[in-house]
Structure formats: C-alpha cells, structure tokens
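Engineer: Sending over a structure as structure tokens; questions will come in a sec.
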Amino acid sequence: MDILTPKEIDSLVQNSDIARFYNEDVDRESAYEMLKKKMEAADEDEHREKIEEQKRAAEKVTGGRTRTTKEKSLVEEVTKNTMVRQVGRTIFRELTRGLLGALGIGKR
C-alpha cells in the first residue's frame, strides 16, 4: 500500500461508475428558499387584498358625499383570525366534554 499519485487518482475517477453522479454540479433549491418564496407570495396576496379593499372603499364614495362605514369591533377583527377560531373551538369542545362527563352523559 502506498499513496496514490494524481495520475492514478484520475484514472480511478474516470473508470468509476459512481463518480459521474458525485462530480455533477447540482443547484437545487433548498427548503428554506421554497418556504421563503411561498411567504413572499402570501405577503403579495395580502397586499393585493388590502389594495382591493381600499379600491372598494373608494368606490363607495358617491355624489360628493362620503359614506361613513362602521368600524369593526375588536371581537369581529379577532374572530377573523383562523388560529383564534380554532383555539375557541378547542376550548368549547373541552369544556363541553368536561361538563357532560361530570354529569355522566357521554360515550360509553
């Protein structure tokens, strides 16, 4: 056994069946890059929705008079959030199960 010379290494690499797979440069997109693109697209969609809402609000102005729109309450704005609704459902479900369980009503 001895150290391989550069010529011997080159000949082994050229005759190798798997060397062509490992010597090939591949520029793949990482998961981080894919998620970043999706987040940017979601931000753009959200921005478009805000612009559309502003356009609709501007269209409501008719005849020189402006329509005063009632501002949504905090509860209405919070309930639009999907996560808040899911948490609310979970809390309600667990409370219902607990009450029915305490009363002896439930699955058997």
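A short reminder: the numbers here are calculations on the coordinates, not readings from a lab. All values derive from a computational prediction rather than experimental measurement. As a convention, Cβ positions derive from the backbone with ideal geometry for all residues, glycine included, and neighbour counts pool all protein chains shown.
Engineer: What FRET efficiency comes out for the pair LEU35/GLN14, r = Cβ-Cβ distance, R0 = 35 Å, nearest 0.05?
Structural biologist: Computed FRET efficiency for LEU35 and GLN14 comes out at 0.30.
Engineer: Here is a follow-up. Could you tell me which helices of the chain pass both thresholds, a Cα extent of 24 Å or more along their own axis and a mean Kyte-Doolittle hydropathy of at least -0.5, with helices taken as whole DSSP H runs?
Structural biologist: Correct list, ordered by number: 82-103.
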